[in-house]
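Asks: Once you've had a glance at the structure underneath, I'll fire off some questions.
The values are calculated or read from the model by the stated rules, or taken from the named source; none is laboratory data. Just so you know, these numbers come straight off a predicted model, no measurement behind them. Note that each Cβ is placed from the backbone with ideal geometry, even for glycine, and that neighbours are counted across all protein chains shown.
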Ligand code: NCD
Ligand code: ZN
């Protein structure tokens, strides 16, 4: 596929299997941007303030999201916490909740009530395995627990293996994987283990993330070789790997006014998620990481739409989007009508396809 010369592309709706939609006014601004990025199905993260640690909170949040965007299928998750007992898992399954997200305590935004000892949740995991809930892992260890010269993600990979061996039928997602080592670890597991890949980890490296608050996120983008391994994973067509943007908005002020290195973690991509994956592939072709013919219609459809739905046992997309080159560029930010909230977008100024629903 000669991506650069293609003027028009039709794709099934994207399934974005990792989004942060926040709450309050920020939520009101964020939720409409889901469809703008070509997404009709979104797996929603529970790291709100306070975190979503019971079924009623999750259902209440889902109904708020549905009120704002009636045409998005919001798949919901609970925040793994001591209150998530096997009984709560049974209730969650009956209520149609899809997954449980594990945040190691203190590794990222709003993870203060996260987990410090995974073994204490083994009964909960057994109940999830029985009821068919997915375990979504933020696969990093705390900086203080990582051996020197090993990334926080690589230090977590033995835990992924242990959990999979102990609960082989439990579907486990390694969220936002960022290293060649993580890709290998996921491949080494059985078909119940998969991983999401974001758009931004396909174009950012540690070099960008160190100094630009709008490129700073968890897991931190890694080396060019890791970025390239992720790109190659996508064009390998392996159904274990599919799209999850990890679009994580923070008010622009909190990004720009923070001291150097102290900005909140999160890259915001939601209004252009489908296009940004394509931009990253175009850049990878230009760098020589992959060849034009490595990108095919089937591989784009697999990564963006089909594989995620398969893993989550959903039907194929029934809606389509058309992407056209019309000279559109990514704007600096999006703002609420009264201007009180503004969120900076990743890759400002980049030429992107314009997207419409058909
Ligand atoms: C996320 C957020 O802001 O909620 N931040 C991020 O850098 N990705 C949390 C997360 O997914 O780690
Ligand atoms: Zn996230």
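Asks: Go over the candidates 231, 267 one by one and state the one that is away from ligand 1 (no atom under 15 Å from the Cβ) and crowded, with 23+ Cβ neighbours inside 10 Å.
Replies: Details: 267 fails: away from ligand 1 (no atom under 15 Å from the Cβ).
Exactly one residue qualifies, and that residue is 231.
Asks: So is residue 304 within 20 Å of the chain's Cα centre (by Cα) and within 27 Å of residue 69 (Cα to Cα) or not? Can you show your working first?
Replies: Working: within 20 Å of the chain's Cα centre (by Cα): yes; within 27 Å of residue 69 (Cα to Cα): yes.
Here the answer is yes, as residue 304 does meet what is asked.
Asks: A follow-up question, please. Check 276, 304, 300, 281 and return the single one that is within 16 Å of ligand 1 (Cβ to nearest atom), surrounded by 12 or more Cβ atoms within 10 Å (Cβ to Cβ), at negative phi and part of a helix (DSSP H, G or I).
Replies: Result: 276 is the single residue among 276, 304, 300, 281 that is within 16 Å of ligand 1 (Cβ to nearest atom), surrounded by 12 or more Cβ atoms within 10 Å (Cβ to Cβ), at negative phi and part of a helix (DSSP H, G or I).
Asks: If you don't mind, another one. Among all residue pairs at least 6 apart or on different chains, which show Cβ distances below 9 Å where the first residue, located in the range 17-43, is at pLDDT below 95 and the second is within 15 Å of ligand 1 (Cβ to nearest atom)?
Replies: Going by the 9 Å Cβ cut-off, there are no qualifying pairs.
Asks: Here's another thing I want to ask about it. Where in the range 1-69 are there strands (runs of 3 or more DSSP E), lying fully within it, with 2 or more residues that are touching a strand residue (DSSP E or B) at 6+ places or on another chain (Cβ under 8 Å) and within 13 Å of ligand 1 (Cβ to nearest atom)?
Replies: On the way: elements: 8-12, 14-19, 39-44.
Here the list reads 14-19, 39-44.
Asks: Quickly run through the range 109-126 and pick out the residues that are crowded, with 19+ Cβ neighbours inside 10 Å and assigned to a helix (DSSP H, G or I).
Replies: Of everything in the range 109-126, those that are crowded, with 19+ Cβ neighbours inside 10 Å and assigned to a helix (DSSP H, G or I) turn out to be 121, 124, 125.
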